[in-house]
């Protein structure tokens with residue numbers, strides 16, 4: 001089994017995960033157009049997501065694909081996958097309505113903060129507690145600044161900011177718990193209370209996401225604020241390039257998950273490991289603000305809140321990492 005036990009290399013794995021989780025939505029932006037709405041993209045995204053989880057299991061689990069599996073252990077990552085998928089559908093909707101620079105800082109930020117707190121109390125914390133909580137407060141401040149920024153942008157465009165913010169907030173609630181649930185299914189040597197290897201846990205997590213997509217995504221397609229879509233649209237309006245880009249998005253996200261779990265035996269505190277892996281709002285904000293220029297039509301004075309949001313997220317990331 002391929003594992004990382006060096007602390008410095010484990011931190012690199014977490015940072016790689018952070019970059020992947022903050023960058024996958026670029027593929028949604030690349031194919032987003034009037035005919036190809038967010039939840040058509042989602043099917044390709046989940047296909048790439050699941051195939052990458054299988055690849056991780058085959059490449060890194062040492063050939064012992066389904067050994068030491070118990071139902072009690074499997075149920076935890078399955079539950080984590082169901083919760084994650086429910087949350088990610090709302091994040092995808094938030095990105096489609098409000099953009100990466102809003103969906104991620106609010107939804108991902110709430111999940112980030114909630115997950116740090118969840119892992120803090122569930123796995124204990126031996127680092128600098130004051131620094132950890134200062135980082136959490138800064139992350140919350142960044143979320144508030146994001147809401148203020150988007151409210152100003154939406155007001156200038158004469159549209160309500162409520163849908164994007166509400167979708168992002170709903171997504172953040174689930175993101176706070178999924179990571180800890182997947183970890184719980186792993187063996188004690190990997191930080192869990194079950195019998196699974198990290199790659200087995202990731203596979204069952206992805207399996208739950210794949211299966212639940214067939215129930216959750218059709219509902220989202222029928223009630224999307226972007227407009228109703230059907231599976232007929234998926235087969236008639238998408239070309240090979242569109243499908244491959246969507247699958248690339250799934251590969252990017254899941255490769256981050258696999259690499260993050262590769263460091264499961266490294267002596268890095270779970271709260272800090274989660275914090276580094278889930279600092280994706282910072283990455284997504286860079287893409288959304290600087291590359292996609294989602295705030296270019298914002299009224300004068302808005303960018304000071306956007307830059308303050310960025311600085312708060314950056315300071316939170318540095319301080320939380322140092323708290324280990």
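Below is a table of values for the structure above.
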read-out	value
Unique residue being under 16 Å from residue 17 (Cβ atoms), outside any loop (DSSP other than H, G, I, E, B) and modelled with pLDDT of 95 or more when the list is 201, 220, 208	201
Top-ranked residue of the stretch 302-324 - restricted to ones that are within 20 Å of residue 18 (Cα to Cα) and not in a helix (DSSP H, G or I), ranked as modelled with the highest pLDDT	323
Residue in the stretch 5-19 that is out of contact with any helix residue (DSSP H, G or I) (no Cβ under 7 Å at 6 or more places or on another chain) and crowded, with 18+ Cβ neighbours inside 10 Å present	yes
Residue 138, sole failed condition from (1) closer than 26 Å to residue 286 by Cβ; (2) at pLDDT below 90	(2)
Every residue from the stretch 141-168 that is farther than 21 Å from residue 293 by Cβ and in contact with a helix residue (DSSP H, G or I) (Cβ under 6 Å, 6 or more places away or on another chain)	141, 143, 163, 167
Criterion: farther than 29 Å from residue 48 by Cα, loosely packed, with under 14 Cβ neighbours inside 10 Å and modelled with pLDDT under 90 - qualifying residue of 299, 267	267
Counted residues, the stretch 241-269 - those being part of a helix (DSSP H, G or I) and more than 17 Å from the chain's Cα centre (by Cα)	6
Selected residue (criterion: modelled with the highest pLDDT) from residues of the stretch 88-118 that are crowded, with 23+ Cβ neighbours inside 10 Å and under 20 Å from residue 261 (Cβ atoms)	88
Residue list for the stretch 153-169, restricted to those being assigned to a helix (DSSP H, G or I) and either surrounded by fewer than 19 Cβ atoms within 10 Å (Cβ to Cβ) or touching a strand residue (DSSP E or B) at 6+ places or on another chain (Cβ under 6 Å) (or both)	155, 156, 162, 163, 166, 169
Residues of the stretch 66-82 classified as in contact (Cβ under 8 Å) with a residue 40 or more places away in the chain and surrounded by fewer than 23 Cβ atoms within 10 Å (Cβ to Cβ), total	11
Conditions (1) touching a helix residue (DSSP H, G or I) at 6+ places or on another chain (Cβ under 7 Å); (2) modelled with pLDDT of 90 or more; (3) crowded, with 17+ Cβ neighbours inside 10 Å: number failed by residue 187	(1)
Test: residue in the stretch 66-88 that is closer than 25 Å to residue 294 by Cα and part of a helix (DSSP H, G or I)	yes
Any hit, the stretch 109-119, residues being free of Cβ contacts under 8 Å to residues at least 12 places away in the same chain and under 26 Å from residue 92 (Cα atoms)	no
The stretch 119-135, subset part of a helix (DSSP H, G or I) and modelled with pLDDT of 85 or more, residue nearest to the chain's Cα centre (by Cα)	135
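The values are calculated or read from the model by the stated rules, or taken from the named source; none is laboratory data. All of these numbers come straight from a predicted model, not from anything done at the bench. Cβ coordinates were reconstructed from backbone atoms using ideal geometry, including for glycine residues, and neighbour counts include every protein chain displayed.
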